[in-house]
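Chemist: Shown below is the structure under consideration.
Taken together, the values in this text are just the output of simple stated rules run on the coordinates, not laboratory data. Predicted, not measured: the structure shown is a model, and the values here were computed from it. Glycine also receives a Cβ, built like all others from the backbone with ideal geometry; neighbour counts cover every protein chain displayed.
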Amino acid sequence: MIGVFDSGHGGLTVLRALTRALPRRSFIYLGDNAHAPYGDRDPEDIYRLTLASMERLFALGCTLVIMACNTAAATGLRRLQQTWLPVHHPDRRVIGVFVPMVEAITGVPWMDNIRTGHHAGEPRTIAVFATRHTVNTGVYICEIATRAPEVKVVQQACPALVRLIEGAAPRPVLERAVHRYVKLLMRKLDGIAPAAVILGCTHYPIVADLFANALPSGVEILSQPDITARSLVHYLQRHPDKDNQHGETVSFYTTGNPALVSRLASQFYGSPVLFQAVPDELERALTGS
Ligand code: DGL
């Protein structure tokens, strides 16, 4: 069983691409809606909440989890993979959603860390739009720089966007916000269009059209859901043992109010979704209460 985790609804954009690419796998989605958004929280708080949700997904039977939340992955993916997982769940795997993006841009596999035997590509500029927290971690800048120093990464935080999207703000409000962030980015770039843009937050694909309209024409927007899905297909080909329970079910869990969370979900997932609460007995077992 493959788990997909996000702070809220955003990861549904990734799940949608994963279920299309892997229709014969079973997925469990978990949104930590009770604590979303993560973007403006303290890093230790985000890490603690992320570990709690990893525990929930493992307890629900997931052997492999896609951390479909840039904010959570930027904060704690390496720490979790290097210190927590080997001690508490050495048989489980967690993959972060920004990793396939870094691989796609640099052409360097994640585990290689630095470029070996690759030729430097053309110098180019990539822009990243993300939550304030993801921007503060500098994860895209660091991870791309170690693999492809010829790629310049310019970041723009979009602090209001997740709240607006989760609050089902009307399109004109979203449009104004996106225009403002694109304008701020273009000012940093002295008006010169970047080669490509990463929407480095899983909520943003549902306003990808607004970003496309606001950016100079011809700027490529790299699709995080599609790139993550392609990467997972390859991962499972290389590691067939990491998800050995095949099936075709998709279940949706939330730490928030299932009825409220379900109401907004279809615009992220593309079809109606029925969320359920994380079972009480599982929560009690995990918190020891
Ligand atoms: N969707 C999440 C991301 O990819 C974060 C949203 C939030 O909780 O702030 O960064």
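Chemist: Can you classify the stretch 159-289 as rounded, prolate or oblate using the Cα gyration tensor, where a ≥ b ≥ c are the square roots of its eigenvalues, rounded means a/c under 1.5, and otherwise it's prolate if a/b beats b/c and oblate if not? All intermediate terms of the calculation are to be shown ahead of the outcome.
Modeler: Details: a/c = 2.51, a/b = 1.51, b/c = 1.66.
Since a/c reaches 1.5 but b/c is at least a/b, the shape of the stretch 159-289 is classed as oblate.
Chemist: Taking 7 Å along the Cα-to-C-beta vector as the label spot, tell me the Arg92-Asp45 distance in nanometres, rounded to one decimal.
Modeler: That separation, rounded to one decimal, is 2.4 nm.
Chemist: Additional query: Helix 224-238 versus the longest principal axis of the chain: what is the Cα-based angle in degrees, 0 to 90, to the nearest 10?
Modeler: 60 degrees
Chemist: When the chain is fully extended, how far beyond the present Cα-Cα distance does Gln276 get from Ser262, taking 0.36 nm per residue of separation?
Modeler: Numbers: separation 14, 0.36 × 14 = 5.04 nm, distance 0.87 nm.
Stretched out fully, the Gln276 to Ser262 stretch lengthens by 4.2 nm.
Chemist: Regarding the stretch 4-158, what are the three Cα extents along the principal axes, ordered largest first, in Å?
Modeler: 45, 33, 33
Chemist: Shifting gears a bit: Under 16 Å from the 7 Å Cα→Cβ point of Val154, by amide nitrogen: which residues of the stretch 172-204?
Modeler: So the set is 179-199.
Chemist: For Ala285 and Arg78, compute 0.36 nm times the residue count separating them, minus their Cα-Cα distance, and round to one decimal in nm.
Modeler: Working: separation 207, 0.36 × 207 = 74.52 nm, distance 2.66 nm.
Working it through step by step, the gained length comes to 71.9 nm.
Chemist: What residues qualify as long-range amide H neighbours of Phe275, i.e. H under 5 Å apart, gap of 5 or more or another chain, H built at 1.01 Å from N?
Modeler: Ser262
Chemist: Could you work out the percent of alpha carbon pairs in the stretch 192-264 separated by over 18 Å, rounded to a whole number? Spell out each step's value before the answer.
Modeler: On the way: 1649 of 2628 pairs.
Counting every Cα pair in the stretch 192-264, those more than 18 Å apart make up 63 percent.
Chemist: Moving on. Cα-based Rg of the chain per 2.2 N^0.38 Å, rounded to two decimals?
Modeler: Ratio of Cα Rg to 2.2 N^0.38 Å: 0.97.
Chemist: Using mean Cβ contacts within 10 Å as the protection proxy, how do 189-198, 141-150 order, highest first?
Modeler: Numbers: 189-198: 15.7, 141-150: 17.4.
In decreasing order of mean packing, 189-198, 141-150 become 141-150, 189-198.
Chemist: So, one more: For the stretch 33-95 and the stretch 169-183, compute the distance between their C-alpha centroids and round to whole Å.
Modeler: Value for the Cα centre distance between the two parts: 30 Å.
Chemist: Additional query: Within a Cβ distance under 14 Å of Asn213, other residues only, what is the Lys/Arg minus Asp/Glu net charge? Walk me through the numbers on the way to the answer.
Modeler: Working: positive: Arg171, Arg176, Arg180, Lys183; negative: Glu175, Asp209.
Counting the neighbours of Asn213, the net charge comes to +2.
Chemist: Would you calculate, for the chain, the mean residue ellipticity at 222 nm contributed by helices, counting each DSSP H stretch of 4 or more residues as -39,500 (n - 2.57) and dividing by all residues, to the nearest 500? Numbers along the way, then the final one.
Modeler: On the way: 13 runs with 132 residues, N = 289.
Roughly -13500 deg cm²/dmol at 222 nm, from the helical runs in the chain.
Chemist: May I pose another question? Can you pull out the GluC sites (Glu not before Pro) in the stretch 210-289 that DSSP calls coil and that have at most 12 other Cβ atoms within 10 Å? Before the final figure, lay out the partial values.
Modeler: Numbers: sites: Glu220, Glu248, Glu281, Glu283; in loops: Glu248.
The qualifying sites are Glu248.
Chemist: Now for a different question. Please say if the stretch 225-275 is rounded, prolate or oblate, where rounded means a/c under 1.5 for a ≥ b ≥ c the square roots of the C-alpha gyration tensor eigenvalues, and otherwise the choice is prolate for a/b larger than b/c and oblate otherwise? Show your work: numbers first, answer last.
Modeler: Numbers: a/c = 3.04, a/b = 1.98, b/c = 1.54.
Judged from the Cα gyration tensor, the stretch 225-275 comes out prolate (a/c at least 1.5, a/b above b/c).
Chemist: Oh, and also: At q = 0.15 Å⁻¹, work out log10 I(q)/I(0) for the stretch 150-234 with the Debye formula, treating every Cα as an identical point scatterer and leaving solvent out; two decimals please.
Modeler: Log10 of I(q)/I(0), two decimals: -0.57.
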